[in-house]
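I have placed the structure first, in the form of structure tokens, so that the comments after it can refer back to it.
The values are calculated or read from the model by the stated rules, or taken from the named source; none is laboratory data. This one's a predicted model, so the numbers in the text were calculated from it and none came from an experiment. With ideal geometry, Cβ positions are generated from the backbone for all residues, glycine too; neighbour counts draw on all protein chains shown. Areas reflect the complete protein model, heavy atoms only, side chains present, ligands, DNA and RNA absent. Shrake-Rupley method; radii C 1.70, N 1.55, O 1.52, S 1.80 Å.
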Amino acid sequence: NAGVMQNPRHLVRRRGQEARLRCSPMKGHSHVYWYRQLPEEGLKFMVYLQKENIIDESGMPKERFSAEFPKEGPSILRIQQVVRGDSAAYFCASSPPESPSFRIYEQFFGPGTRLTVL
Amino acid sequence: KNEVEQSPQNLTAQEGEFITINCSYSVGISALHWLQQHPGGGIVSLFMLSSGKKKHGRLIATINIQEKHSSLHITASHPRDSAVYICASTGDKLIFGTGTRLQVFP
């Protein structure tokens, strides 16, 4: 049973470009969480999704950031017109359908995507 | 001020030492979590606590709800315990501490 997969592991973009980060949850998991870890800062919750639904996006910046988790395929975190301040590690985690929300102990983390904006 | 504070920020120890990492939170919570982040970045959930004490191998986590404080202890520390340890509170919001960077030297 493969774990949570994220790709790419490293992504370099120039200012103004778009970044697309992908997360494939563990088999059977229907909840996906995205977190951001800025350099020298702690993890911060961004968004919680279930299949075809955004449940909680209270941690998402209001502009340029969007997330989706379609019926088929991976969850996508999309950052439009990237700026240097977007450089960070982005982690996704997944949990089974029966998990209450925000129960981190039931979440399995991916290896992260390290975004560098030049 | 972060609503979840960890101390110390950095910790070095000799192999075999007993380690304590502290976490204080300022809001009501439903659960307190401890995570481990390895140098390569991978994150693993260690414990979820809502009261009392939990033990897993050489790791022990305790929580005092009245004092809004939790501790993570590592007994007989080993170099492979070197990692960043993160506490996180869940209630209305999910809030992470900034982490404690532990280095254990042989």
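Each Cα pair of chain B feeds into the Kirkwood radius, which the Stokes-Einstein equation turns, at 20 °C and 1.002 mPa s, into a diffusion coefficient of 157 µm²/s.
Packing, as the average of other Cβ atoms within 10 Å across residues, places the peptides B:49-58, B:74-83 in the order B:74-83, B:49-58, highest first. Computed extension gain for B:His69 through B:Ser51, at 0.36 nm per residue and net of the alpha carbon distance, reaches 5.4 nm. Modelled spin-label separation between A:Arg20 and B:Ser7, with each label point placed 7 Å from Cα along the Cα-to-Cβ direction: 4.8 nm.
Would you mind giving the mean number of other chain beta-carbons within 10 Å of the Cβ of each residue in B:94-103, as a whole number?
Details: counts 13, 4, 8, 2, 4, 5, 0, 0, 0, 0.
Mean shielding count: 4.
For chain A, the extents of the C-alpha atoms along the principal axes are 40, 29, 27 Å, listed from largest to smallest. In order along segment A:61-68, phi translates into HN-Hα couplings of x, 5, 10, 6, 9, 8, 9, 8 Hz, rounded to whole numbers, per the Karplus curve 6.51 cos²θ - 1.76 cosθ + 1.60 with θ = phi - 60° and x for Gly and Pro. A cut-off of 5 Å between modelled amide H atoms, ignoring neighbours fewer than 5 places along the same chain, links A:Ser87 with A:Val117.
Using the Stokes-Einstein relation with a Kirkwood hydrodynamic radius computed over Cα pairs, the translational diffusion coefficient of the protein assembly as shown at 10 °C and a viscosity of 1.306 mPa s comes to 88 µm²/s. Each Cα pair under 8 Å and six or more residues apart adds its sequence gap; the mean of these over the residue count of segment A:1-84 is a relative contact order of 32 percent. Rolling a 1.4 Å probe over the protein heavy atoms of chain B, with every protein chain left in place, gives an accessible area that is 50 percent carbon and sulfur. For the pair B and A, the buried accessible area comes to roughly 1400 Å² in total, with a 1.4 Å probe and the value rounded to the nearest 100.
Ratio of segment B:45-89's C-alpha Rg to 2.2 N^0.38 Å, to two decimals? Intermediate values should be presented prior to the final figure.
Details: Rg = 11.1 Å, N = 45, 2.2 N^0.38 = 9.3 Å.
For segment B:45-89, the normalised Cα radius of gyration comes out at 1.18.
For segment B:1-88, the set of GluC sites (Glu not before Pro) satisfying both a DSSP loop assignment and a count of at most 13 other C-beta atoms within 10 Å is given as B:Glu15, B:Glu67. Summarising the amide proton neighbourhood of B:Gln103: residues at separation of 5 or more, or on other chains, whose placed amide H is nearer than 5 Å comprise B:Leu11, B:Thr12, B:Ala13.
Given 0.36 nm per residue, what is the gain on full extension from A:Lys27 to A:Leu118 after removing their alpha carbon distance, in nm?
Contour length minus the Cα-Cα distance gives 29.3 nm.
Across peptide A:84-95, the mean count of Cβ atoms from other chains lying within 10 Å of each residue's own Cβ comes to 1.
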